[in-house]
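Novice: Encoded as structure tokens, here's the structure I'll be asking about.
The values are calculated or read from the model by the stated rules, or taken from the named source; none is laboratory data. Please read these numbers as outputs of a predicted model, since none were measured by experiment. Here the Cβ is made from the backbone with ideal geometry for all residues, glycine too, and neighbour counts use every protein chain on show. When the accessible area is computed, the model is the full protein with side chains, heavy atoms only, and any ligands, DNA or RNA have been set aside. Shrake-Rupley method; radii C 1.70, N 1.55, O 1.52, S 1.80 Å.
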Amino acid sequence: MKSVSHPQTFNNPERFIEGWYWAIPSHKLKLGQIKPVNLQGRELAIARLTDGKTVAFDAYCPHMGAHLAEGKVDGDGIRCFFHNWKFDACGDCTDVPSLGKSLPVQIKTWPTEEKYGMVWVWTGETITHPIPCPPELENLTVDSSFGNHFIKNCHPNVVMINAIDAHHFNTVHNFPIDIVFKREVVSPNAIKFSNTTRGGDDSWFIKLIRPFYKNEGTYSMCYWYGSNGTVTLGPDFLHFYILFALRLTKEGKTEGQTILVTKKRPGIWGWLFNRVVLWLTERVGNYFGKGDTQVFQTIKFDFKTPTKADKAVVDFIDHVEGQKALVWGTWEPVQPDQKLSLEKQLASVAEL
């Protein structure tokens, strides 16, 4: 395989893909509270209004620039601490006490939703896709809990490739199968890689677990926006689902939160069963995360010599490059002339 030239968006600390990103755990934003959040380099003030609705405001008051998280919730809006100006859920100024009226000024607000016990913010103008979800659970009500919170010394795109780095399952995890992935483009913002390999005839471990799989071992990774991914794995009778929600921080580093997910089961016994499933899911995730995550504290990613085993990684890079890129900090769209096509750079992949 030919060398892959440096992409324009992938692993670029000044760019990220428009989409949903986690902002703050729901339990940390109580009724009537405002919290400061730096998300993808942009300062926000996220409030839970008296009706329970969450709103993400740009952080600074248009009057003198005071940080709105120092203010307070007032009914259907918030008031700036400095001069008590009020802004409603749409960001419109509705009251200036010193004038006794409103002014035609506005704060930018961003779409929010709550899922998995987390407040998520859409980083664009118009929502075009739902919050990431394991494909098998797309139309189901789910139960969830938090796993590990972590910081990595590299870009979220680089952390994400670990789940589809086929050869490292052999070298790091001693998994006795040469994994081959099948790619499926789910949407312009989502791509799925699924294991197609059965194999492992010489391994006692594979022989032990094979009766639990009708076909190949279940393992798939579905990516959204290059920084969120859901892993699906486990025997045919019980799949485990782990969402890796990552966001870009200063200097191209990663702040991440794992979220454990399962389908919601009815009744008290269903609730108890789900607690066991989520506990097992965390154990499974910790097992696969053990042994290689330290690589992401020291890696200087420079993908100069891709091999045939890296085809899924190259496909993922190409997918990231095809999505709408924003500038870190400003959230302004990257202009077309700022972006170079990877078609020629990745042409060799199509031949594999």
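Novice: Once label points are set 7 Å from the Cα along Cα→Cβ at both Ile299 and Ser26, what is their separation, rounded to one decimal in nm?
Specialist: 3.2
Novice: Now for a different question. Using amide H atoms built in the peptide plane, which far-off residues or other-chain residues are under 5 Å from Met118 H to H?
Specialist: Ser26
Novice: Sorted by average packing, counted as other Cβ atoms within 10 angstrom per residue and highest first, what order do 319-329, 275-285 take? Spell out each step's value before the answer.
Specialist: Values: 319-329: 19.7, 275-285: 16.5.
Ranked from most to least packed, the peptides come out as 319-329, 275-285.
Novice: Quote to one decimal, in nm, the extra length available between Ala89 and Lys101 on full extension: 0.36 nm per residue of separation minus the C-alpha distance between them.
Specialist: Numbers: separation 12, 0.36 × 12 = 4.32 nm, distance 1.77 nm.
Gain on extension, Ala89 to Lys101, equals 2.5 nm.
Novice: When you count, for each residue, the other Cβ atoms within 10 Å and take the mean per peptide, how do 261-269, 153-161 rank with the highest first?
Specialist: Put in order of decreasing packing, that is 153-161, 261-269.
Novice: Work out from phi, with θ = phi - 60° and the Karplus expression 6.51 cos²θ - 1.76 cosθ + 1.60, the ³J(HN,Hα) of each residue of segment 77-87, listed in order in whole Hz, and give x for Gly and Pro.
Specialist: x, 10, 10, 5, 5, 5, 10, 6, 5, 10, 10
Novice: Here is the link list: Lys108/Lys253; Lys35/Lys253; Lys72/Lys324; Lys115/Lys182. Which ones come out longer than 32 Å on Cα distance?
Specialist: Lys72/Lys324
Novice: What accessible area per residue, rounded to a whole number of Å², is obtained for segment 1-145 using a probe radius of 1.4 Å?
Specialist: 46
Novice: Same structure again: Probe 1.4 Å, all protein chains in place: accessible area of Cys133 in Å², nearest 10?
Specialist: 10
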